[in-house]
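Have a look at the structure below before the remarks.
The values are calculated or read from the model by the stated rules, or taken from the named source; none is laboratory data. Note that this is a predicted model, so its numbers are computed, not measured. Note that we place each Cβ from the backbone using ideal geometry, even for glycine, and neighbour counts take in every protein chain shown.
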Amino acid sequence: MFKKILIANRGEIAVRVIRACQELGAAAVAIFSEADQAAKHIQIADEAWRLEGQPARVYLDIPQIIELAKRSGAEAVHPGYGFLAENGDFAIACAEAGLTFIGPRPEVIRKMGSKVEARRMMEAAGVPVVPGTIDPVDSVESVKELGTKYGYPIAIKASAGGGGRGMRVVRREEDVEQALSGAQREGASYFGNNQVYVEKYLDHPRHIEVQILADHHGNTLHLFERDCSSQRRHQKLLEESPATNLSPELRKRLLDSAVKGAASIGYTSAGTIECLVYGDDFYFLEVNTRVQVEHPVTEYITGIDIVKEQIRIACGEPLSFTQEQVIARGHAIECRINAEDPFKNFMPAPGTVSSYREPQIPWVRVDSACYSGYQIQPFYDSLLAKLVVWGSTREEAIVRTRLALKQFEIVGVPTTIAFHLQLLDDPAFQAGNVYTTYVETELKQRLVAPAPVAVAAGTDLGKSQAGPQTDASLVEVVRKGPRTFEVEVNQRQFKVAVTELVDRSNSTAVQKAEQVRAKTGPARDPRPRARSSESNGGGEIKAAMHGVVKELLVAEGDRVSTGQKLLIFEAMKMESEILSGRDGRVVSLKVKRGETVEAASVLLVVGD
């Protein structure tokens with residue numbers, strides 16, 4: 001077993017991996033950006049090292065991460081998910097530095113990172129693929145020809161994409177040009193590759209994926225399947241295992257094909273074969289060469305720790321069980337609790353979590369890096385926590401998940417808790433009839449925003465559900481025990497505890513200082529910060545949060561109409577189209593493509 005492992009990630013997955021390392025007796029090394037210096041993953045790690053540079057980019061800084069791994073004395077690197085987890089260059093850099101990359105071989109990552117190459121290899125292995133191109137396309141005309149060949153709708157997908165990034169669905173020929181440029185732009189932005197391909201788009205498919213584990217001794221097996229059909233913008237919201245309404249014959253074909261496909265490419269480590277199920281058929285979608293966000297639901301029904309198996313495989317150990325020993329028991333559901341307003345088109349909401357309390361009931365697991373006072377940074381995704389619940393049946397799992405959600409308290413920012421409660425009550429979900437666009441095309445129209453609940457100091461905040469703000473002037477802050485501080489020396493962080501030696505009962509100065517802190521407290525904006533832009537009466541359109549101007553769709557002097565798209569704005573890894581709120585003319589553009597702007601910055605002005 002490795003003695004020391006560096007986790008090249010942040011947030012809840014870094015916390016998850018650190019816990020696995022500690023269970024295996026390996027010291028865990030955390031890295032963090034300047035914005036993450038109070039993050040939970042560095043609080044629980046055995047040691048922590050600061051990354052220098054812009055917070056939005058440092059977790060992608062391969063040379064710096066490799067250097068810190070070497071300076072820390074780490075023997076291996078676990079990439080988690082996102083950031084560099086599926087970057088073949090990073091895996092190669094680890095090997096060249098004498099570090100073990102906890103994941104598949106670099107050549108496998110690269111081949112599966114190309115959706116075009118992955119399609120080729122899976123088709124050769126006999127795994128069904130959606131009708132589409134094998135070679136990349138680069139012109140509007142070629143996409144239109146394929147639209148005529150396959151029939152609309154079609155999907156334009158970034159070759160290096162994943163998780164819905166770099167994907168555009170085209171239902172009419174006249175929308176091809178805009179969709180092509182959007183897919184190419186996202187591919188270049190998120191994955192450094194603007195190549196795209198085209199395939200037939202299946203309306204109302206289910207998103208079913210198979211968890212794979214494979215060692216270096218020729219053992220490849222599955223841990224059953226997960227249903228990830230509850231999505232918005234091709235991003236998963238709720239996952240469950242096993243998938244409901246699958247015939248035994250279809251399930252067997254799906255699982256057998258996934259194992260066959262993984263073995264054919266020489267896969268090792270944990271991975272996921274994602275497929276679309278359409279009627280009684282299924283089609284290969286992509287291979288995720290990493291641990292999935294939703295891996296806990298599989299761990300719950302099988303009792304197998306996927307992250308620890310990943311680490312053991314990287315150490316060269318064989319799998320500790322056979323396919324026959326993998327047994328699915330009961331049903332598990334995972335709800336992704338995001339800092340988003342589901343009643344405002346799931347817009348992200350950076351801010352401060354003023355109060356955080358997890359449900360304390362049996363059969364519930366919460367994977368999170370959140371805590372009271374947690375600052376949600378605009379540079380990263382909006383995931384706050386993963387609520388995972390087990391039941392002996394799907395019906396019992398739904399009941400238990402509902403109870404857990406009602407006890408989950410997150411105050412200070414809007415979250416998806418209320419959405420999940422309404423999803424669980426939805427007849428189509430309860431019947432297992434949800435498809436990949438169901439939330440956006442059907443359920444969203446029926447969502448009802450919960451009424452705000454006032455919360456007073458000293459009351460049971462658990463009754464507030466998700467979102468209401470607490471008046472800081474009502475809360476008396478009392479500090480007990482030693483104060484902890486972080487001291488940094490040569491980029492490495494050390495934890496220091498200092499015990500206060502002041503007689504607080506007789507210290508008027510201390511009492512007055514605490515009263516001031518309690519009354520003023522951290523400033524909080526009581527309004528949900530769910531919009532990516534806002535406009536005042538003068539025609540100024542401002543950014544509602546820190547973000548990046550991805551595309552300008554108008555120029556100074558252009559006439560625009562109400563509802564017209566003006567620019568594309570990205571915040572917290574989510575793109576939004578900024579629309580004009582009036583008829584008029586673009587008087588001035590205050591930004592340019594690719595520019596990073598702060599909250600409240602003027603983007604453009606529309607006048608008469």
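Brief remarks follow.
- Residue 372 being over 30 Å from residue 54 (Cβ atoms), modelled with pLDDT of 95 or more and either crowded, with 18+ Cβ neighbours inside 10 Å or among the polar types (S, T, N, Q) (or both): no
Per-residue answers, yes or no, for (1) closer than 27 Å to residue 341 by Cβ; (2) within 23 Å of the chain's Cα centre (by Cα):
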site	(1), (2)
556	no, no
559	no, no
566	yes, no
571	yes, yes
575	yes, yes
583	no, no
591	yes, no
598	yes, yes
606	yes, no
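- Set side by side, the residues 299, 309, 249 differ, and just one is outside any loop (DSSP other than H, G, I, E, B), at pLDDT 95 or above and either surrounded by fewer than 19 Cβ atoms within 10 Å (Cβ to Cβ) or in contact with a Cys (Cβ under 9 Å, 6 or more places away or on another chain) (or both), which is 249.
- Test: residue in the range 366-373 that is in contact (Cβ under 8 Å) with a residue 60 or more places away in the chain, in a strand (DSSP E or B) and among the aliphatic types (A, V, I, L, M): no
- Residue in the range 88-96 that is over 25 Å from residue 295 (Cα atoms), surrounded by 18 or more Cβ atoms within 10 Å (Cβ to Cβ) and touching a Phe, Trp or Tyr at 6+ places or on another chain (Cβ under 9 Å) present: yes
- Among the residues listed as 28, 56, the single one being at pLDDT 95 or above and small (Gly, Ala, Ser): 28
- Test for residue 356: is it touching a Cys at 6+ places or on another chain (Cβ under 7 Å) and either closer than 16 Å to residue 410 by Cβ or at pLDDT below 95 (or both): yes
- Check on residue 258, at pLDDT 95 or above, of a type in the set (Gly, Ala, Ser) and either surrounded by fewer than 22 Cβ atoms within 10 Å (Cβ to Cβ) or part of a loop (DSSP other than H, G, I, E, B) (or both): no
- Among the residues making up the range 248-276, a single one is touching a Pro at 6+ places or on another chain (Cβ under 6 Å) and β-branched (Val, Ile, Thr): 268.
- In the range 80-143, counting only helices (runs of 4 or more DSSP H) that sit wholly within it, the ones holding 2 or more residues that are β-branched (Val, Ile, Thr) span 106-113.
- Residues in the range 62-88 that are touching a residue at least 40 places away in the same chain (Cβ under 8 Å) and closer than 22 Å to residue 11 by Cβ: 16 in all.
- Of all residues in the range 40-61, those that are part of a loop (DSSP other than H, G, I, E, B) and either touching a strand residue (DSSP E or B) at 6+ places or on another chain (Cβ under 6 Å) or farther than 15 Å from residue 9 by Cβ (or both) total 6.
- One residue stands out in the range 394-446 among those that are among the acidic types (Asp, Glu) and more than 15 Å from residue 230 (Cβ to Cβ): the one that is surrounded by the most Cβ atoms within 10 Å (Cβ to Cβ), namely 409.
- Take the conditions (1) farther than 30 Å from residue 309 by Cβ; (2) not in a helix (DSSP H, G or I); residue 160 misses just one of them, which is (1).
- Taking the range 189-238 as the region of interest, none of the strands (runs of 3 or more DSSP E) fully inside it holds 3 or more residues being small (Gly, Ala, Ser).
- Some residue of the range 263-270 being part of a helix (DSSP H, G or I), under 24 Å from residue 307 (Cβ atoms) and not assigned by TED's automatic domain parsing to the domain that holds residue 157: yes
- Listed by first and then second residue, the pairs with beta-carbon distance under 6 Å, at least 6 apart or on different chains, first residue in the range 89-114 and over 13 Å from residue 314 (Cβ atoms), second modelled with pLDDT under 95 and assigned to a helix (DSSP H, G or I), are 111/117; 112/118.
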